[in-house]
Amino acid sequence: MQIQVKVNGADYTHEVEPRLLLVHFLRDVLHLTGTHIGCDTSICGACTILVNGKSTKSCTMFAVQADGCELTTVEGLSQNGELHPLQEGFKEMHGLQCGFCTPGILMNMVNFLEHHPNPSEEEIRHALKGNLCRCTGYQNIVKSVQYAATKMLKNEEVPA
Amino acid sequence: MSTTNGIIGKSVKRVEDKRFITGKGRYTDDIVLPLQTYASFVRSPYAHAKILGVDTEIAQAMPGVIKIYTGADVADINGVPCGWQVNFKNGDTMKEPKHALLVADKARYVGDAVAVVIAETREQAKDAAQMVVVDYEELPVVVDAAEAVKAGAPLVHDSVPNNMCYDWELGNPKEEVNEALAATAHITTLEFVNQRMIPNAIEPRSYNASYDATSEKYTLYTSTQNPHVIRLLMCAFVLGIPEHKVRVVGPDVGGGFGSKIFHYTEEALLTWASKNINRPIKWTAERTESFLTDAHGRDHVTKAEMGFDTTGKIVGLRIKTFANLGAYLSTFGPCIPTYLHGTLLQGLYTTPKINVDVTAVFTNTTPVDAYRGAGRPEATYLLERLLDLAAHEMEMDPAELRLRNFIPPFDGVNQPGYQTQVALQYDSGNYEGVLYKGLEILGYKEFRQKQQESAQNGKLLGVGFSTYIEACGLAPSAVAGALGARAGLYEMGHVRVQPTGKVTVFTGTHGHGQGHETTFAQVVASRLGIPMEDIEIVHGDTDAMAFGMGTYGSRSLAVGGSAIVKSIDKIIEKGKKIAAHRLEASADDMEFEEGKFTVKGTDKSVSFGDVALTAYVPHVYPPDLEPGLDFSSFYDPTNFTYPFGCHIAVVEVEKETGKVKLQRFIAVDDVGNIVNPMIVEGQIHGGVAQGVGQALYEGAEYDSNGQLTNASYMDYCMPRADDLPMFETTNQITPCPHNPLGVKGAGEAGTIGSTPAVVNAVIDALWSGGHKVKDIRMPLTPERVWRAMQTTKNG
Ligand code: FES
Ligand code: FES
């Protein structure tokens, strides 16, 4: 089947097998390998991307289901060479070790912060439930998200 | 010039992060080679079954299939070797049955590889693998180590009687310990299971092997923790190809925790097959495949007895452990229950008589090997559970009981190291220090008060202690050799100063989340007085450096970092000669500080960069001075390093359901000197999470047919963000006296200390409510805790 998608702002048209998972489409067809596979059963969250702005586990969707959608992967997170505040937060607060779970967590948290610009620790931990990290014990991930939230709130105030 | 000396001990942000947070990390599965093919394995669904036949005809004809190999095709190839030899008590060497690349005779655990299909795409390989027909005849199964040695148990390997790989003993003679225990005022006995754990790095194992016919060279990309050792084992013991024809690369690796140390059958098989089909072959495990085939950890069944005199002093310790090694010997499997477990049973205590007896056993389960901490968590669990239980039984304070038994402080310089009853000599320690610090952070007195009040109000609060020691910096070749390692375990560090003064450092260790690129650069920057930006750390490629032993057992900085320091010393020494030549002074009069060579007592100096350039574009060099500024060193320390610490858990147990809530976790760790506090803290956090996981959530569950019934993230419970509190971590610093950096290692501390602290806290909570529970089997699920309360209701 033929699908048309916009990924990180660029348009793609591809012929795909109906059974091809979206995550394999991104990794194997588009060579966007920032999106990872940790489980292929929608549990670990390593494959999380944005589908029409909503964080989605891309191992849970077929590529054909994404036809006509706008997708953002971790590769599309930085704008004009500037790190997204979340990316900066992860670096500043040591929110990653091996980095394998990180892209999925970033993409989940981007969406989360849109709806919870000033989250409590509890809310962040709750929102992270769909992502497994074996390295960090989550503590510094929580702090990274807090860092980003603070920074984003401040930036919003700036134009006023 | 700005000073870079202060860079040690600073939380420098990690240089490796940029590629990971932008999706530019390069993990093995990200690599696609020209003419790439894909492999899929046919694995036994039975834990024990004779293979009567393998029919590949239909599969072979399926779309995209290039080649299928079965056990018969690789029968002439050696199996993967074991790197550690343990002898039976009677001197016989351990039983070491062949671990074939694909089994031909019988499958010995669920997941044992019977055939491999290689096809044009991942999907085609998978489709065809499902159409390979294997005719199995099921055989009786044994999964429990203590059962497996009993007469009449099914045999995993026909050549291994009683399934016994070896029996082993360490410490004081049994009679002496028996005598000591017979005369004691109190004996605490604990029979327990240290359950089997599944490491679960989030990146599944992945390999990509290729062959170039013109150069006759193989390349293997592998998600490994030690590329050089994989190359050595594969070349020398399995495939018999010369090492210079093999390049092994461990690119970015998504966590290991031990499970990626070992040489796996798939690595050798794909490398061998890539030549046969003359195309690159990639295989990446799916999660369930990882559960079934990554080496597991722990899995001990133990009886331990500790005797105390009337003052609470420990007088003796007697241990009998059955260690489950799984179906085959993994690379380091035999050394975990013995040399990494038995030797740690002195703990932090002055116990005068210790005897440990270990029987290692084959069963129809996945091979068992090192998992974060490896052996030390099992030893610590045993000791710290005994101490806490003894305190409850003798109605003593658990902190006080420990204080009465600690080895007194010693620095290893003015006072000698501490010789244990079980073969080790501790380097330096201040064990009471970490406990006092922990008690202070906890607010111990207030806690006990609060606990009493809570118990009266029907709320069960508990505190659990664990004061641990571990042996890290796995290296001393002489010691390792004496303990059965089939290779010495030094490390290599190569420092190449480039003509412009930039520095490339090659290390034989391997980073897979530990931040080596940052920590090592800090060490180099501080020693050479140059900015970190001018330094590049290279690891994980056997073509880039001569040799290395990889990363595990918290050895990277203590051993690998020390090797780098050794090379830097050589660089400085030669730099002085070059500088002296430039300044027409004597090399003996040269000083090096903060990136500058200076003639003592003068202001005549030349910069590091100038010396570098002179080294490569020499003019009228004196005859005894060679051009170049490039040194490699091999560092082999004289002893292990011995980090230690005190972990304290506070839990609340819900009376009605048995659910445990971890309220606080305090970790005071002494890992020697610290180069990057932020990275060390991160290591502790991750370690604690894994240790808490063992205490409360995780564990492999085999049924009596040998089926791993929780082989997915849906069924195997790993800690998630909302299961854990913010950890309260801090450090004490007792430098290691025998390496130039004074470091001890931090990677495993969290895992080792935390498990017993949490279990002790739960048991303490139950005692506070009148439930005199001796033990609850890990993981402490609500059901198990609830049952324990029911059976001790009127206790
Ligand atoms: S790979 Fe999609 S959730 Fe794990
Ligand atoms: S950083 Fe390694 S899994 Fe999260």
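The values are calculated or read from the model by the stated rules, or taken from the named source; none is laboratory data. If you're wondering where the values come from, they're calculated on a predicted model, not measured in any experiment. Using ideal geometry, Cβ is built from the backbone for each residue, glycine included, and neighbour counts are taken over all protein chains shown. Heavy atoms of the whole protein, side chains included, go into the accessibility calculation; ligands, DNA and RNA do not. Shrake-Rupley method; radii C 1.70, N 1.55, O 1.52, S 1.80 Å.
Annotations
- For region B:651-673, a residue qualifies if it is touching a Phe, Trp or Tyr at 6+ places or on another chain (Cβ under 7 Å) and crowded, with 19+ Cβ neighbours inside 10 Å, and the qualifying residues are B:658, B:665, B:667, B:670.
- Residue match in region B:299-312 (condition: closer than 22 Å to residue B:716 by Cβ, away from chain A (no Cβ under 14 Å) and open to solvent by 10 Å² or more (accessible area, probe 1.4 Å)): yes
- Only listed residue being more than 30 Å from residue B:784 (Cβ to Cβ) and open to solvent by 60 Å² or more (accessible area, probe 1.4 Å), chosen from B:598, B:638, B:614: B:638
- Within region B:651-689, the set of residues being assigned to a strand (DSSP E or B) and farther than 21 Å from residue B:732 by Cα comprises B:651, B:652, B:653, B:660, B:661, B:662, B:663.
- Selection of region B:240-261 for residues being away from chain A (no Cβ under 14 Å) and not charged (D, E, K, R) yields B:240, B:241, B:242, B:244, B:246, B:248, B:249, B:261.
- Selection over region B:707-724 of residues that are open to solvent by 20 Å² or more (accessible area, probe 1.4 Å) and farther than 23 Å from residue B:776 by Cα gives a count of 3.
- Of the residues making up region A:119-141, just one is within 7 Å of another protein chain (Cβ to nearest Cβ), within 19 Å of residue B:200 (Cβ to Cβ) and open to solvent by 20 Å² or more (accessible area, probe 1.4 Å), namely A:129.
- The residues listed here are B:136, B:109; of these, the one that is more than 14 Å from chain A (Cβ to nearest Cβ), in contact (Cβ under 8 Å) with a residue 24 or more places away in the chain and in a strand (DSSP E or B) is B:136.
- Selection from region A:43-54 of residues that are surrounded by fewer than 23 Cβ atoms within 10 Å (Cβ to Cβ) and in contact with a Phe, Trp or Tyr (Cβ under 9 Å, 6 or more places away or on another chain): A:43
- Here residue A:48 meets the list (1) within 16 Å of ligand 2 (Cβ to nearest atom); (2) touching a Ser or Thr at 6+ places or on another chain (Cβ under 9 Å); (3) within 11 Å of chain B (Cβ to nearest Cβ) almost entirely, failing just condition (3).
- Every residue from region A:94-112 that is open to solvent by less than 10 Å² (accessible area, probe 1.4 Å), part of a helix (DSSP H, G or I) and either more than 16 Å from residue B:23 (Cα to Cα) or not β-branched (Val, Ile, Thr) (or both): A:103, A:104, A:106, A:107, A:109
- From the options B:751, B:734, residue that is crowded, with 24+ Cβ neighbours inside 10 Å, assigned to a helix (DSSP H, G or I) and out of contact with any Leu (no Cβ under 9 Å at 6 or more places or on another chain): B:751
- Scan of region A:110-160 for residues that are free of Cβ contacts under 8 Å to residues at least 40 places away in the same chain, within 16 Å of residue A:96 (Cα to Cα) and within 16 Å of ligand 1 (Cβ to nearest atom), ordered by number: A:128, A:133, A:134, A:135
- Any chance residue B:744 is more than 22 Å from the chain's Cα centre (by Cα) and either away from chain A (no Cβ under 14 Å) or open to solvent by less than 50 Å² (accessible area, probe 1.4 Å) (or both): no
- Pairs, first modelled with pLDDT under 95 in region B:694-714, second not in a loop (DSSP other than H, G, I, E, B), C-beta under 9 Å, six or more apart: none
- If the condition is being within 13 Å of another protein chain (Cβ to nearest Cβ) and either open to solvent by 10 Å² or more (accessible area, probe 1.4 Å) or in a loop (DSSP other than H, G, I, E, B) (or both), then region A:63-79 contributes A:72, A:73, A:75, A:76, A:77, A:78, A:79.
- Considering only residues in region B:395-426 that are assigned to a strand (DSSP E or B) and open to solvent by 30 Å² or more (accessible area, probe 1.4 Å), the one that is nearest to residue B:476 (Cα to Cα) turns out to be B:425.
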